[in-house]
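Written out below as structure tokens is the structure these notes cover.
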Amino acid sequence: MNLPMISVIIPTYGREQALRDSIADVLRQDYPSFEVLVVDQTPTHEPETEKTLQELSDAGKIQWSRLDWASLPGARNYAVRRSKGEILLFIDDDVELPEGYLHAHARNFVENPEIGVVAGRVFDRMKMRDAQQGCGQLAEGTEEKSKEKSYEIDYLPSEAMDPGIAWYYIDLVHTVQPQQVLSARGCNMSFRRDIFTKHGLWFDERFRGSAVREESDFCLRLRKTGYKIWYDPEAHLVHIGEETGGCHDISTRSLKYQLQFYHNHFLMALKNLTPGEQVRLFAKLFDCHVLGNPPCYKEKSLKKSVVRGVFYSLGFLNAVNSQIQSLWNDGQIYTRQDSVASKS
């Protein structure tokens, strides 16, 4: 099998040991041709991390770029422009990779030219814990995969292909059969290079904070290329899901995060969905995240719901403003600052 070169892209912010472990897992992969690009937006690292990254960079084992801004989609675009691989594989900076991980992604592209994106399975400790608590079980430590067998899905329901409500039915944690899907998880997804170079799709840098839904927005726009998004459970990893750090500079518990969370959902909808799909998404977003109904299971106090409702409303208005501004500004501020982009 003639395996393509893979560019493994790791955007990072504020991670130390988890980042070092993630890079080490990539470098241990038995794959004939790959490069590792670390897009580092951390202002100051711990001495051990600084030393490790510098040594790996000096040895040519990683391409280490340091930036003075924090944006996940911006970091992805930055790395794509500097990558060489035929396949671009994005992972988070707090993951654990099994042997054969790169092979699992690559073989899908080799075997099926209709596949443009591979969405890998994610043994997500946080999501698995929430789901199994609902079943009276708790997954902890390094036993995710064995305990996960108590809750498995063969094929996703038809709702998972409906852009209006799919986001509450796409489960790439518990699904065990390969199949076509609507979107990938940002911590474990790979793309053919020509999606960027030939079709001109780039990650939208207006998605803020943790950039929730930026990969969903990208995958929705990718539909016009004719490529399929293929879920392969064999291309799996463990996502640790640390509370802080990663690719953003705010805590998920902050008020700023809440505003950006709703902004990003509404922006994705306003850009890509029909009016009917938008209504379904807005209604589900309100029912789940504001009222706290399943699958969100949020605290259902009146005070909490009112506060969440305020952020829901502000997020919508903010997203409308972003869409209006797009008439004269596409929001790709980090791409425009990039000298490589300006020369291309």
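The values are calculated or read from the model by the stated rules, or taken from the named source; none is laboratory data. Please read all numbers here as calculations on a predicted model, not as lab measurements. Cβ atoms come from the backbone with ideal geometry, glycine included; neighbour counts cover every protein chain shown. These accessible areas exclude ligands, DNA and RNA; they are computed on the full protein's heavy atoms, side chains included. Shrake-Rupley method; radii C 1.70, N 1.55, O 1.52, S 1.80 Å.
Output yes when any residue across segment 296-306 is of a type in the set (A, V, I, L, M) and farther than 28 Å from residue 323 by Cα, and no when none is. Within segment 296-306 (the criterion being of a type in the set (A, V, I, L, M) and farther than 28 Å from residue 323 by Cα), the answer is yes, since at least one residue qualifies. Looking across 57, 33, 71, one residue alone is surrounded by fewer than 19 Cβ atoms within 10 Å (Cβ to Cβ) and closer than 27 Å to residue 198 by Cα. It is 33. Scanning segment 185-210 for residues that are open to solvent by less than 10 Å² (accessible area, probe 1.4 Å), small (Gly, Ala, Ser) and in a loop (DSSP other than H, G, I, E, B) yields a single hit, 186. Criterion first (aliphatic (A, V, I, L, M) and modelled with pLDDT under 95) does residue 70 satisfy it? Here the answer is yes, as residue 70 does meet what is asked.
In summary, residue 92 fulfils each of the numbered conditions (1) out of contact with any Leu (no Cβ under 7 Å at 6 or more places or on another chain); (2) open to solvent by 40 Å² or more (accessible area, probe 1.4 Å); (3) over 20 Å from residue 192 (Cβ atoms); (4) modelled with pLDDT of 95 or more with the single exception of condition (2).
Table: residues versus (1) modelled with pLDDT of 95 or more; (2) in a helix (DSSP H, G or I); (3) polar (S, T, N, Q).
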{"position": "234", "(1), (2), (3)": "yes, no, no"}
{"position": "243", "(1), (2), (3)": "no, no, no"}
{"position": "256", "(1), (2), (3)": "no, yes, no"}
{"position": "276", "(1), (2), (3)": "yes, yes, no"}
{"position": "292", "(1), (2), (3)": "no, no, no"}
{"position": "303", "(1), (2), (3)": "no, yes, no"}
{"position": "307", "(1), (2), (3)": "no, yes, no"}
{"position": "321", "(1), (2), (3)": "yes, yes, yes"}
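Here is the figure for segment 110-160: residues that are modelled with pLDDT of 95 or more, assigned to a helix (DSSP H, G or I), surrounded by 12 or more Cβ atoms within 10 Å (Cβ to Cβ) and of a type outside the set (D, E, K, R) total 2. The residues of segment 219-231 that are open to solvent by less than 10 Å² (accessible area, probe 1.4 Å) and touching a Pro at 6+ places or on another chain (Cβ under 8 Å), listed by number, are 220, 231. Counting the residues of segment 15-37 that are over 21 Å from residue 48 (Cβ atoms) and either among the β-branched types (Val, Ile, Thr) or part of a loop (DSSP other than H, G, I, E, B) (or both) gives 5. Checking the conditions here, which among 107, 76 is open to solvent by 50 Å² or more (accessible area, probe 1.4 Å) and modelled with pLDDT of 95 or more? Unique residue meeting the criteria: 107.
Reported count of residues in segment 198-223, each being in contact with a His (Cβ under 8 Å, 6 or more places away or on another chain) and modelled with pLDDT under 95, is 5.
Filtered by the rule that a residue be closer than 18 Å to residue 255 by Cβ and of a type in the set (Val, Ile, Thr), segment 267-312 gives 290, 306, 307, 310. When residue 44 is tested against (1) of a type in the set (Val, Ile, Thr); (2) closer than 19 Å to residue 239 by Cβ; (3) open to solvent by 50 Å² or more (accessible area, probe 1.4 Å), only condition (2) is not met. Only residues that are in contact with a Cys (Cβ under 7 Å, 6 or more places away or on another chain) and outside any loop (DSSP other than H, G, I, E, B) were counted in segment 161-184, giving 1. Among the residues of segment 294-330, those that are under 30 Å from residue 79 (Cβ atoms) and surrounded by 17 or more Cβ atoms within 10 Å (Cβ to Cβ) comprise 315, 318, 319, 322.
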